[in-house]
1. Report the residues of the stretch 521-539 in range of a label on Ala214: point 7 Å along Cα→C-beta, backbone N strictly under 17 Å from it.
2. Leaving out ligands, DNA and RNA, what percent of the accessible area of the chain is carbon and sulfur, probe 1.4 Å?
3. So what are the radius of gyration and Dmax for the Cα set of the stretch 178-227, in Å?
4. Name the residues whose placed amide hydrogens come within less than 5 Å of the amide hydrogen of Phe236, ignoring near sequence neighbours (fewer than 5 apart) on the same chain.
5. Taking each pair of different alpha-carbon atoms in the stretch 216-352 once, compute 1/r for the pair, average those values, and report the inverse of that mean as the Kirkwood hydrodynamic radius in Å to one decimal.
6. Which whole-number value in Å² is the accessible area per residue of the chain, probe 1.4 Å?
7. Just order 100-110, 467-477 by mean Cβ neighbour count inside 10 Å, highest at the front, would you?
8. How would the stretch 1-121 be classified by its alpha-carbon gyration tensor: rounded, prolate or oblate, with rounded meaning a/c under 1.5 and the a/b versus b/c comparison settling the rest?
Amino acid sequence: MTDPMETPAWAELTTLAARQLPLRALIDKDRTYLRLSAAGISADFSRQRLDSQVLESLVGLLDQTNVADLRDSMFRGDPINTTEGRSVLHVALRAPVNQPVIVADVDVSPDIHSVLDRMRNFSDQVRSGQWKGITGKSINRVINIGIGGSDLGPAMANRALHDFVIPEISFAFVSNVDANDLKEALEGSDPERTLFIVVSKTFTTEETMLNANAAKSWILKNLPHLNPSDVVQQHFVAVSTNSQGVADFGINLRNIFGFWDWVGGRYSMVSAVGLSTMIAIGPNNFDVMLRGFHDMDEHFRTAPPQENLPMLMGAIAVWNRDFLNIETTAVLPYSHYLGRFPAYLQQLTMESNGKRVRRDGSLVHYNTGAIFWGEPGTNGQHSFYQLLHQGTSIVACDFIVVARESEGVDPQQAILVANALAQASVLSIGVTREELRSNGNAPDLLAHKEMPGNRPVSLFMIDKLNPHSLGALVALYEHSVFTQGVIWGINSFDQWGVELGKKVATGITLSFSDASLIEAFDASTQYSIKEYLRINRQD
Ligand code: F6P
């Protein structure tokens, strides 16, 4: 496989990185080649620390690391998730109904659309009140129980699409094994009118199983005179690839919404994992969301690299990470309703590209996935932006701006947008001591007030936050993550790094009730276990 560091483009980029002009000197030149749009998203990379030569070499890097070939393999259904021997076909979930999708010589498109049809039917029943709880009352509360990809996408979408959510039903998302998460969701829930959607690809994830069982105990305790198995069948549905596990839990097999091993958890919000989203926004809006995803997929699949928005975004991320040594990216949505988007992206980006071994098993000798984090603006401005502007770490920033929040021009929306544009400008240009002095600032404060600027910023603008734009935005990040992974030669679709911690947690849980197991752990862990036991004994 290609080592990116061995490509001519990598050598060019190394040379170019040493002689890039600061953004102040670049920004007013012709930067139109850094402005692109696709699927209703306009992207402005003109505040990135690169010029046309860098861009040309990044396009060369895309070519020399065969990004387009691997993209085509993904769309074809080849098993590109090599460590798990799986295809990677989340793009198939949003493809039109008549488009065949071949996995291991079988067209899986009919299966995809049959699950979607069952989801539509079920969602309509819940939304219209036709689906009744065990005592004959309609559902007014939906609680999604799942974690990671089985939680973050649905929770993020529910908030993002707040204006499209059916008002008669409230939604909660329970993920944490901390019992307070479920407790809070159950407060005020009416057991006769609550529907639980247990979402777990494997149906073995400890947090989800504990919460699902606790939810079952709660409803059975609150509806004591009814047949327990009928109660579970009427108030629980499941989204899973593990039918046996679901049946063992007591859920009626007719109420399982399936998906497939070629859909990764963090890429699954458009599969049946999105059942709560469909109930919330309705099947038609869900279809519009799928179209948003698909429009970006088609752009990614067909646009030449130099015009391909996700590919360039991915290549620029590699430039920042490997040539400018920037370790972290802040995601700054200027939208209250995109509040969970940074958390969603953390799994998408870091579970995908937080890797140090290449697809062929060799260790990487360059940097891979950046650290992603963020908060909606303007709240972040009053907390961590100080470090963004004047700290010693350089943070790349993704601004997400929604041009129109509601019908007509809302004056507060204009202020929100103005703040985003102001921050993007100041981060990239800064202010010099000279400028401060000529503006009458006190001489002893000049050093404190100086802003170095030169912080790389991408600015994405969407017209309105709606199902289509949300789909396009998520797909944009998915394909940027894919592009980065291919350049780095890593498998973006496995997650072995999360396994060991789960296993050790099981061992520690056992040691709490069997002291002979404690000494198997390292000294620090032994100390913490004993402290935990000592504190609990004091009660
Ligand atoms: O933490 C690892 C992980 O496997 C994620 O990749 C996944 O989204 C999450 O756990 C939940 O898994 P499941 O849907 O099988 O419960």
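The values are calculated or read from the model by the stated rules, or taken from the named source; none is laboratory data. Fair warning: this is a prediction, and the values are worked out from it, not measured in the lab. Using ideal geometry, Cβ is built from the backbone for each residue, glycine included, and neighbour counts are taken over all protein chains shown. For accessibility, only protein heavy atoms count, side chains too; no ligands or nucleic acids. Shrake-Rupley method; radii C 1.70, N 1.55, O 1.52, S 1.80 Å.
1. What the label zone holds, given the 17 Å backbone N cut-off, is no residue at all.
2. Result for the chain: 51 percent of the exposed heavy-atom area is carbon or sulfur.
3. Just the Cα atoms of the stretch 178-227 yield Rg and Dmax of 11.5, 33 Å.
4. Distant-sequence amide H within range of Phe236: Phe196.
5. 18.8 Å is the Kirkwood radius here.
6. Result: 43 Å² per residue.
7. Final packing ranking: 467-477, 100-110.
8. oblate
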